1. Does residue 280 fit the bill of being within 16 Å of the ligand (Cβ to nearest atom) and within 15 Å of residue 244 (Cα to Cα)?
2. For residues that are over 12 Å from residue 325 (Cβ atoms) and in a helix (DSSP H, G or I), tally how many sit in the range 285-302.
3. Spot the failing condition for residue 340; the list is (1) farther than 24 Å from residue 365 by Cα; (2) away from the ligand (no atom under 16 Å from the Cβ); (3) part of a helix (DSSP H, G or I), and only one is missed.
4. Test each condition in (1) within 16 Å of the chain's Cα centre (by Cα); (2) under 30 Å from residue 128 (Cα atoms); (3) modelled with pLDDT of 95 or more for residue 402 and report the one that comes out false.
5. When you check residue 334 against the structure, is it within 17 Å of residue 117 (Cβ to Cβ) and surrounded by 18 or more Cβ atoms within 10 Å (Cβ to Cβ), yes or no?
6. If you take the residues in the range 321-330 that are over 17 Å from the mean Cα position of the chain (by Cα) and more than 12 Å from residue 181 (Cβ to Cβ), which one is nearest to the ligand (Cβ to nearest atom)?
7. Hey, does the range 168-176 have a residue that's under 28 Å from residue 291 (Cβ atoms), away from the ligand (no atom under 16 Å from the Cβ) and out of contact with any strand residue (DSSP E or B) (no Cβ under 8 Å at 6 or more places or on another chain)?
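The values are calculated or read from the model by the stated rules, or taken from the named source; none is laboratory data. Since the model is a prediction, treat every value here as computed from it, not as a measurement. Positions of Cβ are backbone-derived with ideal geometry, glycine not excepted, and every protein chain shown enters the neighbour counts.
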Ligand SMILES: Cc1ncc(COP(=O)(O)O)c(C=O)c1O
């Protein structure tokens, strides 16, 4: 990460977190340069980046100050899905978009994954090797679902650190969060049932619902506050909602996080109607704040929340390891896991358990979050510089996606095709919707080191967008 971006990110965190208030003066360039042992040019560049983002302003002969009215980019509008239930037909487009991101030569603004360069591969290899060498042959039998005791203990410890008591008997290890989510959905629905989902939503949710023959009711999303709980309340009175699939923290693709009080309200509402919540929490470890928001599972008093987690985005992409803390459904989930795939690779489970116990997971996370935050800031700067005026975006409090609403006449499918022709991928809005809405939206991946090539790709996209 470029040093100036790290400094700018730290200061922007202090401003957004309130440690530096509107009107506060920032340290002079010279004093920050001395105290941080960095060059004045680096400090100046950091201040310029913050200024370009509308967070601070330079006052002649006085210095830099936190702006009174921070000029934040305008967030996208609250979504307006149709208020009836839908049978699904998720298009080939999802696969086309995924396919295009596989090529390492493209600029991966459409990728769903963070840069593979951000992960501790040598350490992972050491723990994986050691777990395979020391594998007790009997453990292959003893660790059938719900899964390795060592790993489930480590996962339970992470819940405990958040102040949540989730016993290992609740936790079923799966092949990534996606298997957890699919098994959870199978467990709580039958074909023909109706479920509530967010709009926009992760296409994996649409595909799972389609495969299981479910109807979906789309609930609107506010771009920063998250799910519209009032709309959900209304939907519950109108439709026979059998289950909900929601991403309550760093929602995919908007990046919105429901506040803790609203998560509590959600858990209570659903418990009151005996509706299970499948909580898709694949990104929670990527929250930038030092004090992360709890999941809705923390407010689950009746065992109706099936909390699905993953190591794919935060530690070990490609190892295909996730879990579900399934509350009252754990025994059923464990059986379904056996039916689906017998078990998840044991050396992988044990290797990750060792990594969690000894491998400095938190140190890795601190660095990963810092890198992602720095790239997000750089991406916001590039958008401001190169995108035609009138786009809307909100900077999420973590993760690596920006959900950008472009001018209404923009056709993101067309942008996707034209960008691909010049070696850039973008994820077009319609793949995140049961009815191919969000025609003028793009999901941009900021989870890669921000280079000159990435900035140029944003510039090229900006030029493409001007055509509409
Ligand atoms: C919201 C969400 N849930 C689940 C998944 C799947 O996670 P995993 O790789 O652990 O199966 C993804 C991956 O793209 C995702 O974005």
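1. When the stated conditions are applied, residue 280 passes them.
2. Qualifying residue count for the region: 3.
3. Unmet for residue 340, out of (1) farther than 24 Å from residue 365 by Cα; (2) away from the ligand (no atom under 16 Å from the Cβ); (3) part of a helix (DSSP H, G or I): (2).
4. With respect to (1) within 16 Å of the chain's Cα centre (by Cα); (2) under 30 Å from residue 128 (Cα atoms); (3) modelled with pLDDT of 95 or more, residue 402 is out only on (2).
5. Here the answer is no, as residue 334 does not meet what is asked.
6. Within the range 321-330, the match that is nearest to the ligand (Cβ to nearest atom) is 325.
7. Yes, the range 168-176 has at least one match.
Rundown of residues vs (1) touching a strand residue (DSSP E or B) at 6+ places or on another chain (Cβ under 8 Å); (2) assigned to a helix (DSSP H, G or I), yes/no style:
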| position | (1), (2) |
| --- | --- |
| 274 | no, no |
| 318 | no, no |
| 329 | yes, yes |
| 353 | no, yes |
